[in-house]
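Have a look at the structure below before the remarks.
Laboratory data are not the source of any read-out in this text; all were calculated from the coordinates shown. Everything numeric here is computed off the predicted structure, so don't read it as measured data. Glycine also receives a Cβ, built like all others from the backbone with ideal geometry; neighbour counts cover every protein chain displayed.
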Amino acid sequence: MSDAAESGRIPQEVVTRLSEAQRVAVLTGAGVSAESGIPTFRGKAGLWKNHRPEQLATPQAFRSDPALVWEWYHWRRGLVRQADPNPAHSALAEMENRIPHFVLITQNVDGLHMRAGSGNVLEMHGNINRARCCSCDNRIQLTDESGVLDCARCGSLMRPDIVWFGESLDPDILAQSYRAAGTADVFVVAGTSSVVQPAASLAFSVKEAGGFVLEINLDPTPLTGAADITVLGKAGEVLPELVKRMWENQTPGSLFQPDR
Ligand code: OAD
Ligand code: ZN
């Protein structure tokens, strides 16, 4: 059970566990990019021209109005291009350097973790800077495109390379995510409402397997009751503080020493 959601305060137990961990997996959601100015999906900020993301991010929406769905993604891609990684992204990139086996699983499609320097990233929901053909296996990197795009190879409609509601995730990425979560000494869940499956089930599977779950979110979520510790606060403040304390906590014996 959760040690009660703690406002801003990071319990020493968390710092100690992370400092000693050999394997850490992290799951991030839209809240981690919120401080970069990218709107989250749920809550008021998620609305776009009175449409809810759940009404736009579906194969049905794309079939009935591809121009509308592309317009939304082009708009979001514009926001992403103007945005920079924030201290939450940087802290996770730094954490990766400290932990022997580190996997960053993200639901975010904005690519900001890679831009902040994270290397081992599993993008569960795709990437907004790519499009793929509805018919053949053509994938392209998007730059200045607008409007509806046609495939240069087969002429079919191109679509955002995003996993939409009702679609399956890439089975390899899903398997790697479950493996990383299931073998982690600490599983960190940051900035996600923990309501979209299968991502939300990762933390619950960790708990079932007896693992340790740390949640970081502005507000309590459906995971809060099950997480070992929930720290309530901004990801861009809590994560840098956590990484700083991990360094302070380092004893000479725990220093990473390269083989000579
Ligand atoms: P949501 O928009 O559902 O949730 C964002 C979460 O971040 C909420 O729980 C907020 O309380 C929290 N939050 C907001 N700002 C924060 C901050 N500065 N620091 C910490 N937490 C903060 O986003 P996701 O959970 O990522 O799918 O949504 C999951 C999926 O649903 C998305 O990947 C997307 C969407 O439909 C696709 O695009 C396929
Ligand atoms: Zn094609």
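Counting only DSSP beta bridges with both residues in the chain, tell me the antiparallel percent, nearest 5. Please list the in-between numbers first.
Numbers: 9 of 35 bridges.
Of the beta bridges lying entirely in the chain, close to 25 percent run antiparallel.
Please tell me which of these pairs span more than 31 angstrom C-alpha to C-alpha: LYS44/LYS244; LYS49/LYS234; LYS207/LYS234?
LYS44/LYS244
In degrees, nearest 10, range 0 to 90: what is the angle between the Cα axis of helix 87-98 and the longest Cα principal axis of the chain?
Tilt of helix 87-98: around 60 degrees.
Out of all DSSP beta bridges with both ends in region 1-152, state the antiparallel percent to the nearest 5. Don't skip to the answer; put the middle values down first.
Values: 4 of 13 bridges.
If we restrict to bridges inside region 1-152, about 30 percent are antiparallel.
Quick check on the chain: helices-only [θ] at 222 nm, where DSSP H runs of length 4 and up contribute -39,500 (n - 2.57) each and the sum goes over total residues. Nearest 500, please. Don't skip to the answer; put the middle values down first.
On the way: 10 runs with 92 residues, N = 260.
Result for the chain, helices only: -10000 deg cm²/dmol.
Roughly what would the spin-label model give for THR58 and ALA175, points 7 Å off Cα along C-beta, in nm?
Those two pseudo-labels are separated by 3.1 nm.
Separation of region 182-214 and region 148-174 by C-alpha centroid, Å?
Here the answer is 27 Å between Cα centres.
Quick one: go through region 151-173 and flag any residue whose amide nitrogen is under 13 Å from the point 7 Å out along the Cα-to-Cβ line of HIS51.
It comes to 160, nothing else.
What distance in nm lies between label points placed 7 Å from Cα along the C-beta direction at ASP185 and CYS134?
For the pair ASP185/CYS134, the computed spacing is 5.0 nm.
How would you order 89-99, 13-23, 33-43 from highest to lowest mean count of nearby Cβ atoms within 10 Å? Spell out each step's value before the answer.
On the way: 89-99: 21.0, 13-23: 17.1, 33-43: 18.7.
In decreasing order of mean packing, 89-99, 13-23, 33-43 become 89-99, 33-43, 13-23.
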